[in-house]
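In what follows, a single structure is set out as structure tokens and then discussed.
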Amino acid sequence: MKTRIFITVVLLLLVIGGASSQNAGAPATNDEPVKIFATPETHSLVDSWISEYRKSNAGFNCELSSVGLAEIGSKVSDEGSLGFVMQQPGTSMSAESMWLMTLGREVIVAVYNEENPSASGISENGLSAKGLAAMVDSKTSPEGEPVNLYVLDDAEVKSSVPKFLETDAAKIAGQKVLSKEEFLAAIQKDKHAVGFCSLSTILDATEQAFAEKVKLLPIDRNENGRLDYNEKFYANPEQFERSVWIGKYPRTLVHSIYAIAPAFPENSELSDFLSWVTTSGQTAVVQNGYTELVYGEMQSNLEKLVPPVLLAEAQIDESTRSSVLLWVVLVAAALALLFAVVVYTGRKRRAKAPLLNKATLIKLLNEEALTFPKGLYFDKSHTWVFMEKSGRVRLGIDDFISNVTGEYTRVIMKSPGEKVKRMEPLVTLIRKGKQITLNSPVSGTIKEINESLVADPFTINDAPYGEGWVYKIEPSNWLREIQFFTMGNHYREWISSEFTRLKDFLACSLNIMNMEDGKLAFQEGGELMLHPLKDLDPKVWEDFQNYFINTADMY
């Protein structure tokens, strides 16, 4: 029976295809040039792209115009147009409604001479934004050594550095402002030199290394006075550029270059041009003083340029009404038969579908995806506790972990009456055989477990601070252990550092250069996808347990 239905459906679809081919007209041609708009800071780069591209594509017909950032959105308004912009500090191109693609960036860095008397302390501990600002003011290092400051004569450098340091722009403009050649020579000759420049200024493109005697000054982002392992990515250009891409470097110091369009560029001339810019055109990015895409970004861009399947709207005139009627009849018949197949072979899902919840509405994993309820204590084991009037502590799991791992399919809990100690294994969360174990934030005796989680572990994902609670515990050392907990803004600040640590873990564990697993965790621009661990290999889950969960109390 199934075979007959299948054959019938195939024959109907073949008839439909034949009918449509009889009415297919010749493709429309358009000799109009494609319109390309560039903001002033990207105009020179875009012009060089077009010139180089035409050497191998002489028929590329386009018009390049320079427009301001405020008006480029209105200029790029149809499928035959394309725009190029540079992201400004404090703005987010991802908030725009237009289609966009990253094609390069200008990265602003702090550098120093490797023979600097404070080199050892700088390389081990880095400097926070406040520490750098203090150095600019005092002209001395934290160790008391004299510092000679230099600034590259570049608009992006002179605008970004004051914002990052939260200082007066005049203080930066008042330093020794030098050309690229003068700046590099000054840093190499002066052992007391510290400077601000673009990354391309100190890169030896042929050797893929930093210029001789020049080192990047590491940024202590969490301002804890030391470089944590997730902040140690300044050793070589490849490692640094990849870290910039995934968002570990301060965004205030990164100016991304985007191509923008009203929607996916269906115009083949534009999509072919963008494919070339993503690959061969990266040479011009470097030549114009910017930082090229890392390999993973190139692969992501090329995948992004594969056209989506779109439904074409047909214009119906008097001569085609009969064909349209035939289409309707045949499609209806085919759909009816397909429905019969589905009914015949389908089966009811045993697991009930969860109600619409936050996770189905959010595609990215960031602070906006999380909830920060008031009145709860949070622990670095990614658990929360709440002291009830009865004196028992209600305990659950924060939604950071559930948004990282995805929906749980099983939960292993301890039994009522068992005793637990702080920082000892408490609950195991399982997703399709892959699991993680979280430690207890408190010591005491388990008085009650949430039995509903046995049948529906998804409740932990759906309502982590409500019906998804896990235990009720009678605490034995509450007054001492409460000192380890955080609330409100302190918890939010810690979660912010956990996002940085998570990105670093995923970048190292997945080997982003491959991108096969990396594209499951990271979106373009280094943003984390929701549930990045969801479909990853069990080995990644093991690493997550050992190198992320088990080390959380160190941060």
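First check a/c for the range 122-198, with a ≥ b ≥ c the square roots of the eigenvalues of its C-alpha gyration tensor; if it is under 1.5, answer rounded, and if not, answer prolate when a/b is larger than b/c or oblate otherwise.
Note, shape of the range 122-198 comes out oblate.
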Completion exercise
Given backbone amide H placed at 1.01 Å from N, residues whose amide H is under 5 Å from that of Lys447, ignoring those fewer than 5 places away on the same chain, are Gly417, Lys472, Ile473, Glu474
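Going down the table (Lys389/Lys447; Lys163/Lys380; Lys447/Lys534; Lys380/Lys434), which pairs top 26 Å between alpha carbons?
With Cα atoms farther than 26 Å apart: Lys163/Lys380; Lys447/Lys534.
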Practice task
Please work out the C-alpha center-to-center distance from the range 410-444 to the range 169-241 and express it in whole Å.
Solution key: 46
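Using only the Cα atoms of the range 106-253, build the gyration tensor, take square roots of its eigenvalues as a ≥ b ≥ c, and label the shape rounded, prolate or oblate: rounded if a/c is under 1.5, else prolate if a/b is larger than b/c, else oblate.
Rounded is the answer for the range 106-253, as its axis ratio a/c remains below 1.5.
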Practice task
Pop the C-beta distance of Ala463 and Ala58 into the FRET formula with R0 = 60 Å and round what comes out to the nearest 0.05.
Solution key: 0.45
Fill in the blank from the handout: Rounded to the nearest 0.05, FRET efficiency between Ala211 and Glu407 (Cβ-Cβ, R0 60 Å) equals 0.75
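Here is the link list: Lys374/Lys539; Lys130/Lys176; Lys158/Lys189. Which ones come out longer than 26 Å on Cα distance?
Details: Lys374/Lys539 36 Å; Lys130/Lys176 21 Å; Lys158/Lys189 23 Å.
Cα-Cα > 26 Å for Lys374/Lys539; rest within.
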Practice task
Multiply the residue gap between Arg480 and Glu166 by 0.36 nm, knock off their C-alpha separation, and tell me the result in nm, one decimal place.
Solution key: 109.2 nm
Completion exercise
For the range 353-555, the dipole about the Cα centre with charges only on Cβ (Lys and Arg +1, Asp and Glu -1), to the nearest 20 debye, works out at 560
Handout entry: Cross-link partners of Lys55 among aspartates and glutamates (Cα-Cα below 19 Å; sequence separation of 8 or more within a chain)
Key = Asp47, Glu63, Glu269, Asp272
Exercise for the section: Could you name the aspartates and glutamates whose alpha carbon sits less than 12 Å from that of Lys432, not counting residues in the same chain fewer than 8 places away? Expected result: Glu407, Asp535, Asp537
Practice task
Return the sequence-ordered ³J(HN,Hα) values of the range 154-167 in whole Hz as given by the Karplus equation 6.51 cos²θ - 1.76 cosθ + 1.60 applied to θ = phi - 60°, using x for Gly and Pro.
Solution key: 8, 4, 5, 5, 5, 9, 7, 4, x, 5, 5, 7, 6, 10
Exercise for the section: Which order do the peptides 103-112, 294-303 take when ranked by the mean count of other beta-carbon atoms within 10 Å per residue, highest first? Expected result: 103-112, 294-303
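Let a ≥ b ≥ c be the square roots of the eigenvalues of the Cα gyration tensor of the range 353-555; is it rounded (a/c under 1.5), or, if not, prolate (a/b larger than b/c) or oblate? Could you put the intermediate results ahead of the total?
On the way: a/c = 1.72, a/b = 1.56, b/c = 1.10.
The shape class here is prolate.
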Completion exercise
Highest mean packing first, using Cβ neighbours within 10 angstrom, the peptides 529-536, 170-177 sort as 529-536, 170-177
Exercise for the section: Starting with the highest mean, order 153-159, 50-56, 276-282, 469-475 by the number of other Cβ atoms within 10 Å, averaged over the residues of each peptide. Expected result: 469-475, 276-282, 153-159, 50-56
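Coordinate-derived values only; no laboratory data. For clarity, every value in this text was computed on a predicted model and none was experimentally measured. So basically every Cβ, Gly included, is an ideal-geometry build from the backbone, and we count neighbours across all protein chains shown.
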